[in-house]
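Comments concern the structure below.
None of the figures in this text is laboratory data; all of them are computed from the coordinates on show. Just so we're clear, the structure is a prediction, and the values are computed from it rather than from any experiment. Heads up, the Cβs are rebuilt from the backbone with ideal geometry, glycines too, and the neighbour counts pull from every protein chain shown.
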DNA sequence: CTTGCCCCTGACACCGATGTGAACGTTTAG
DNA sequence: CTAAACGTTCACATCGGTGTCAGGGGCAAG
């Protein structure tokens, strides 16, 4: 398929697909005239890239793992594995961070909700400038 | 304490502390001469802000919750609570995203590690440009 | 009083990263 | 042939973060 269809299937704009390729996050085969061609597998590949990006991985980091997504262990696999291990640890600690942030937020929410529920304050409208 | 000490205690530069205040992430009381003065509680407040920023909250979002950090439920508490609920959901789904990304990464790691462990490939040096 | 250290505001510039718009030329498909 | 789809490229925007410089004040020890 060409870029338009991949875009339609993934919901990612043509613009971004080219941008991803630019950053080395996606690889396409080109027709003689230069048009990008993709296979079905690329649909999932795009989703994977998006998941990784959403997880806060940098483009560069993902780019280093790309060879391993295409086919298992070509040149650079060792390096990629190192990156992946490192990144796995990063993800784990990011999860810890999120958990901590959410706990703090929960606490903040509870304190304030409790306080707001108390009867002793006479400012129910809350629109007092 | 003044800004220098807060900076020393939190590891956040004076520059950034002023910047945070600029963005509405931090509130200071001022001496008659305009110098910022903080209490011990602000040390933790700074850490909280950093945790929230690290959790991917925008400055604007955090700014809206700030009144609730200082003292429970002043004006704007209702709005802040709405923001907090919304943000809590965002954090939760971000955690889901991280979990999914990590799973995908684990799979990628395993496939490649397995492949790399196979005996049939004769490219151990891996340094072939 | 002077010296030295800390602080204030405001501005200008710059970074790296992600993401977009738009212009303009080429290729493909009906 | 024409229109839709594609290609490249340049510029711009946002966001968080930083360095730095200028010009002014606060405050305590010597």
**Message:** Under the convention of a label 7 Å out along Cα→Cβ, give the distances in nm from residue B:59 to the same position in every other copy, shortest first.
**Reply:** 2.3
**Prompt:** With each label point set 7 Å from Cα along the Cα-Cβ vector, what nm distance links residue B:54 and residue A:90?
**Reply:** 1.5 nm
**Request:** Return the average number of partner chain Cβ atoms within 10 angstrom of each residue Cβ along peptide B:93-100.
**Result:** 5
**Complete:** quick shape note, the protein assembly as shown: Cα extents on principal axes in Å, largest first -> 74, 40, 32
**Request:** With everything on Cα atoms, drop me the angle between helix A:59-70 and the longest principal axis of chain A, reported from 0 to 90° to the nearest 10.
**Result:** 50 degrees
**Asked** What gaps in nm, shortest first, separate residue A:78 from its twins in the other copies when you place the label 7 Å past Cα toward the beta carbon?
**Response** 6.5
**Prompt:** Hey, what did the stretch B:28-92 get for relative contact order, percent, Cα under 8 Å, at least 6 apart?
**Reply:** 19 percent
**Complete:** Pseudo-spin-label distance residue A:100 to residue B:43, built 7 Å along Cα→Cβ, given in nm, is 1.6 nm
**Helix B:77-117 axis, angle to chain B major axis (alpha carbon atoms, nearest 10°)** = 20 degrees
**Item:** Sequence-separation-based contact order of chain A, relative, with Cα cut under 8 Å and 6+ spacing, percent
**Value:** 17 percent
**Asked** So how do B:44-55, B:97-108 stack up, highest first, on mean other-Cβ count within 10 Å?
**Response** B:44-55, B:97-108
**Request:** Can you tell me the 0 to 90 degree angle between the C-alpha axis of helix A:41-54 and the longest principal axis of chain A, rounded to 10?
**Result:** 40 degrees
**Prompt:** For peptide B:102-109, how many partner chain Cβ atoms fall within 10 Å of a residue's Cβ, on average?
**Reply:** 6
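Report the extension gain between residue B:113 and residue B:79 in nm, rounded to one decimal, defined as 0.36 nm multiplied by the number of residues separating them, less their alpha carbon distance. Don't jump to the answer; show the numbers that get you there.
On the way: separation 34, 0.36 × 34 = 12.24 nm, distance 5.00 nm.
Stretched fully, the residue B:113-residue B:79 segment lengthens by 7.2 nm.
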**Request:** Taking a label point 7 Å out from Cα toward Cβ, give me the nm distances from residue B:13 to the same spot in the other copies, shortest first, one decimal.
**Result:** 3.3
**Request:** Find the all-direction average of the projected area of the Cα convex hull for chain B, expressing the result in square nanometres with one decimal place.
**Result:** 13.0 nm²
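Within 10 Å of each Cβ in peptide B:30-42, how many partner chain Cβ atoms are there on average? Round it to a whole number, please. Provide the component values of the computation, followed by the final result.
Details: counts 0, 0, 0, 0, 0, 0, 0, 0, 0, 0, 0, 0, 0.
What the average comes to for B:30-42 is 0.
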